[in-house]
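Below is one structure, written out as structure tokens; the observations come after it.
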Amino acid sequence: MDFKRHIAANIKAGELTEDEIYSMLALPPNTEMGDFALPCFKLAKSMRKAPALIAEEIKGVYPAGDPLVAEVSAVNGYVNFKIDRAFWAKETLGEILSKRERYGASDEGKGKTVCIEYSSVNIAKPFHIGHLSSTVIGSALYKLHKFLGYPSVAINHLGDYGTQFGKLISAYKRWGKREDIEKGGLRALNALYVRFHEEAEKDESLNDEARAFFKKIEDKDEESVALFEWFKELTLKDVGKIYDMLDVHFDSWAGESFYIDKMQPVIDELREKGLLVESEGAQIVDLEAYGMPPCIILRSDGASLYATRDLAAAIYRKETYDFYKSLYVVAYQQNLHFKQFFKVLELMGKEWAKDLVHVAYGMVSLEDGSMSTRRGKVVYLEDVIQKCVEKAQSIISEKNPSLENKEEIAKTVGVGAVIFGALYNNKIKDITFSYDKVLNFEGETSCYVQYTCARANSVLAKGGAAKGYTVGEVLPQEFEVIKQLSEFPATLQDALDKYEPCFIARYAVDLAQKYNKFYFDCKILNAEEEERNFRLALTEATLITLKNALSLLGIGVPEKM
Ligand code: ARG
């Protein structure tokens with residue numbers, strides 16, 4: 001139950017609508033004053049009265065006998081609402097314990113299909129730490145949309161088109177051995193690619209050879225296509241392992257090459273609508289009036305471009321999925337590209353261009369030196385994950401040497417740390433990934449949350465899951481947990497509206513902190529029967545909610561730690 005919503009619906013304040021009141025309702029600085037507060041200062045102008053007087057009036061007309069509200073007071077221009085704590089506790093626990101792994105889910109997205117493009121790795125290029133954010137932010141948004149009832153389509157817009165594949169074929173034919181590549185996978189392919197660049201610096205003609213091979217792929221030359229398909233297969237096998245570890249899934253793998261035969265109609269339409277102009281031999285859409293450089297549609301040699309494929313892809317997605325929204329989880333370095341092709345679609349008269357969203361995020365670098373993809377100096381995501389798992393394993397062995405299933409647990413903890421590390425900050429911020437920070441059991445980390453879950457699990461194992469419980473007086477530490485628990489659905493909504501999975505990560509840390517305070521301040525297993533049952537129910541509800549939060553981020557919860 002959304003308590004804030006309930007209060008907003010009952011408040012009468014001048015001409016304000018329920019939604020306006022809802023967004024004005026704030027949390028008072030301390031719970032002694034109340035649980036929600038409505039500031040009346042903004043109303044003074046339109047209502048031509050002093051805020052203190054308005055607060056008195058709003059208080060006066062609030063329905064007496066609302067079972068949810070224990071007290072309404074007007075103080076210094078604020079109307080404060082104190083919720084009946086026992087009522088709040090009963091409602092919240094009742095809802096969580098009956099809905100369980102569906103707690104927080106809704107069907108608000110019914111009938112509104114959302115396309116979410118993320119990860120979008122490049123064939124035969126390393127899956128490096130730079131792809132981490134797109135992958136985990138996108139995956140969390142996908143899970144979140146599904147949880148809130150939106151039919152969702154997860155799309156991996158593979159980078160599987162471009163002259164680099166000509167280079168790769170040339171390099172493979174010159175220096176590659178089939179067995180080495182089979183064995184080495186992506187890394188071996190990348191080594192070939194790096195070698196090509198080194199050699200091409202000495203011998204210009206290599207570039208012509210590469211261009212010729214690329215042309216062969218385009219002309220569907222059997223051998224070249226087969227090689228390319230093989231590179232693709234090797235890449236997908238390697239990235240598939242990472243996706244499995246991160247619990248990342250896709251419904252569509254339609255990459256850039258999928259749109260090759262879907263571009264001509266777009267180019268024709270642009271021409272028909274008078275949007276194409278020639279400039280230095282290239283075909284462009286002029287965007288000067290919008291303060292942007294032109295969007296290049298066809299190069300002077302007739303080759304299509306990244307933007308053209310994106311135009312075709314956007315139209316294809318609209319026609320195929322009839323989306324309500326279409327998201328692109330892509331680094332902010334590509335801000336201009338997205339602004340440009342969104343604008344072109346708008347100029348083409350696609351009214352749905354307004355439903356396209358570039359969900360931009362910042363850079364990830366490692367504390368031990370920033371990554372560089374050129375010259376083969378890359379940090380493979382696989383290695384980062386591996387290192388986290390190993391580190392988790394040594395911490396666990398030290399803390400709890402007799403723990404069973406250590407390896408499995410270390411994997412869940414290590415992978416969780418990688419995901420959480422990439423998710424915890426507002427997505428637009430650049431972050432520096434630190435192994436010590438993401439695996440700090442006392443920090444704002446997934447292992448702290450997982451450890452709290454293990455603690456709750458052990459309490460429940462000893463005390464038995466809550467059979468029945470009654471709610472008596474609710475202590476402040478208990479109430480803090482209850483309140484936090486009841487905010488889960490609104491947090492999910494907020495995370496979805498702002499495309500910020502970090503809200504869910506922070507929520508989980510907050511809840512874990514509040515639960516731990518309660519755990520240290522209040523006895524559970526040795527409490528009187530009534531309190532004991534209530535506290536067990538509170539523990540179970542916390543565990544359920546923490547698990548739901550982590551699972552939306554793709555993070556598992558070990559039973560014991
Ligand atoms: N493959 C590209 C890269 O790694 C990202 C693709 C972004 N998506 C798009 N629709 N343009 O940079």
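Summary of computed values
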read-out: The lone exception for Glu442 - which of (1) free of Cβ contacts under 8 Å to residues at least 40 places away in the same chain; (2) assigned to a helix (DSSP H, G or I) it fails; value: (2)
read-out: Helices (runs of 4 or more DSSP H) completely within the stretch 83-185 that count 1 or more residues being hydrophobic (A, V, I, L, M, F, W, C), within 16 Å of the ligand (Cβ to nearest atom) and over 30 Å from Ala537 (Cβ atoms); value: 132-147, 164-175
read-out: Residues satisfying the stated conditions in the stretch 266-285, i.e. in contact (Cβ under 8 Å) with a residue 40 or more places away in the chain and either farther than 16 Å from Asp301 by Cα or surrounded by fewer than 17 Cβ atoms within 10 Å (Cβ to Cβ) (or both); value: Val266, Glu269, Leu270, Lys273, Leu275, Val285
read-out: Condition met for Val248 (within 20 Å of Leu132 (Cβ to Cβ) and at pLDDT 95 or above); value: yes
read-out: Single unsatisfied condition, Val285 versus (1) under 22 Å from Tyr161 (Cα atoms); (2) of a type in the set (A, V, I, L, M); (3) more than 16 Å from the ligand (Cβ to nearest atom); value: (1)
read-out: Test result for Ala226, assigned to a helix (DSSP H, G or I), at pLDDT 95 or above, of a type outside the set (S, T, N, Q) and within 20 Å of Leu158 (Cα to Cα); value: yes
read-out: Qualifying residue in the stretch 347-360 (condition: touching a residue at least 12 places away in the same chain (Cβ under 8 Å), touching a Ser or Thr at 6+ places or on another chain (Cβ under 9 Å) and of a type in the set (Asp, Glu)); value: yes
read-out: Residue under evaluation Gln450, criteria (1) among the polar types (S, T, N, Q); (2) surrounded by fewer than 22 Cβ atoms within 10 Å (Cβ to Cβ); (3) out of contact with any Asp or Glu (no Cβ under 6 Å at 6 or more places or on another chain), criterion not met; value: (2)
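To keep it simple, each residue is scored yes or no on (1) buried (at least 17 other Cβ atoms within 10 Å of the Cβ); (2) under 30 Å from Leu186 (Cβ atoms); (3) within 26 Å of the chain's Cα centre (by Cα).
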| residue | (1), (2), (3) |
| --- | --- |
| Phe41 | no, no, no |
| Lys45 | no, no, no |
| Ile58 | yes, no, no |
| Phe81 | yes, no, no |
| Phe87 | yes, no, no |
| Ser106 | no, no, yes |
| Asn122 | yes, yes, yes |
| Pro126 | yes, yes, yes |
| Ile129 | yes, yes, yes |
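The values are calculated or read from the model by the stated rules, or taken from the named source; none is laboratory data. Only a predicted model underlies this, so the values are computations on that prediction, with no experimental measurement involved. Note that we place each Cβ from the backbone using ideal geometry, even for glycine, and neighbour counts take in every protein chain shown.
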